[in-house]
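The values are calculated or read from the model by the stated rules, or taken from the named source; none is laboratory data. Fair warning: this is a prediction, and the values are worked out from it, not measured in the lab. Heads up, the Cβs are rebuilt from the backbone with ideal geometry, glycines too, and the neighbour counts pull from every protein chain shown.
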Amino acid sequence: MDLISLSKLKLLMNKYDIKPNKKMGQNFLIDNNIIQKIIREAGVAGGYVFEIGPGMGSLTIGLAQVAKKVIAVELDKKLIPVLKETVGAYPNVEIINDDALKVDFDGIMKQRGIEEPYNIVANLPYYITTPIIMHLLESGFNIDKLVFMIQKEVAARMVAKPGTKDYGALTLGVQYYTQVFHVAKIPPTVFVPRPEVDSAVVKLIRRPEPLVVVKNEEFLFKVVKAGFGKRRKTLLNSLFNSELNLTKELITEACLLSQIDPQKRMEQLSMEEIAKLADHLVKVDLN
Ligand code: SAH
């Protein structure tokens, strides 16, 4: 079966009365080179893959042709009959009409007797980029690799280096769990309708162990949130004026033990330094 061309997409939209819904982040891919690139990067040949937001099925068809099984989670009920037409002929594709933010991905695999790790592929609805990625990473699902089309600016934040404006809580959130690669910059012209922003394909490969080992993971991310919540302030002030309830003495002491200048800003620190600081704050805090 052929991949979906622009003319086919228009026919389907007419037939099923589909008007792309901006609120649902519906920007359908029409460029086969990009689709094939995403599928190659996803490395799903012979394996199990989840697709988030299959839309009209452009990417789903390509995945079905190489993967062992594709489970596609689509929120918009109106698209389900379209998907039946475009991917229904592939016995290895299953469509689930649900909100990907609420889906227990491991649970779905287990119900189907699949124990192997799986990959996730999506031309993501941009309005849920950060929550969906954090849901996938924080839940500890049995995921190997994630390949996403996202907004260019969000991709820049994922790969940012310390000391840059893009470096922040998202950078550390994704890098803690995965190794992030910027795969390609994508212009609006490969979508129908065209989004108002540039896009990028990123690849996230799950680390066997988190980037840093800390005493208390939840506390680490509270420290990150506090430090980047007031990112122009010094460490001393941002941590003091946070929900962590730390005294200036405790913060100064933890900085000293971590060999970090309390007058620095969190955006200047590497993940390793922040982890060290968090461990000393936890220790000091518990004393
Ligand atoms: N993969 C298709 C469509 C991408 S557009 C393509 O590349 O052409 C994003 C898709 O995500 C839309 O189909 C939209 O309906 C769907 N979507 C939006 N929010 C969702 C959610 N919370 N869970 C699952 N799918 C969602």
Restricted to the range 19-47 and to residues being more than 10 Å from the ligand (Cβ to nearest atom) and touching a Leu at 6+ places or on another chain (Cβ under 8 Å), the residue farthest from residue 117 (Cα to Cα) is 32
By residue number, the members of the range 89-143 that are more than 16 Å from the ligand (Cβ to nearest atom) and polar (S, T, N, Q) are 92, 111, 142
In the range 177-198, anything in contact with a helix residue (DSSP H, G or I) (Cβ under 7 Å, 6 or more places away or on another chain), surrounded by 14 or more Cβ atoms within 10 Å (Cβ to Cβ) and under 19 Å from residue 6 (Cα atoms) is listed as 186, 190, 192, 195
Residue hits (the range 197-252; of a type in the set (Gly, Ala, Ser) and in a helix (DSSP H, G or I)) are 226, 227, 229, 238
Out of curiosity, is residue 174 buried (at least 20 other Cβ atoms within 10 Å of the Cβ) and within 29 Å of residue 245 (Cα to Cα)? yes
Within the range 48-62, does at least one residue satisfy the condition of being over 18 Å from residue 186 (Cβ atoms), part of a helix (DSSP H, G or I) and within 11 Å of the ligand (Cβ to nearest atom)? yes
Screening 212, 202 for residues that are of a type in the set (A, V, I, L, M, F, W, C), in contact (Cβ under 8 Å) with a residue 40 or more places away in the chain and not assigned by TED's automatic domain parsing to the domain that holds residue 132 leaves only 212
So, first residue farther than 18 Å from residue 40 by Cβ in the range 106-129, second residue among the small types (Gly, Ala, Ser) and within 8 Å of the ligand (Cβ to nearest atom), Cβ within less than 8 Å, six or more apart or across chains; the pairs are 124/25; 124/53; 125/25; 125/53; 126/25; 127/25; 128/25; 128/100
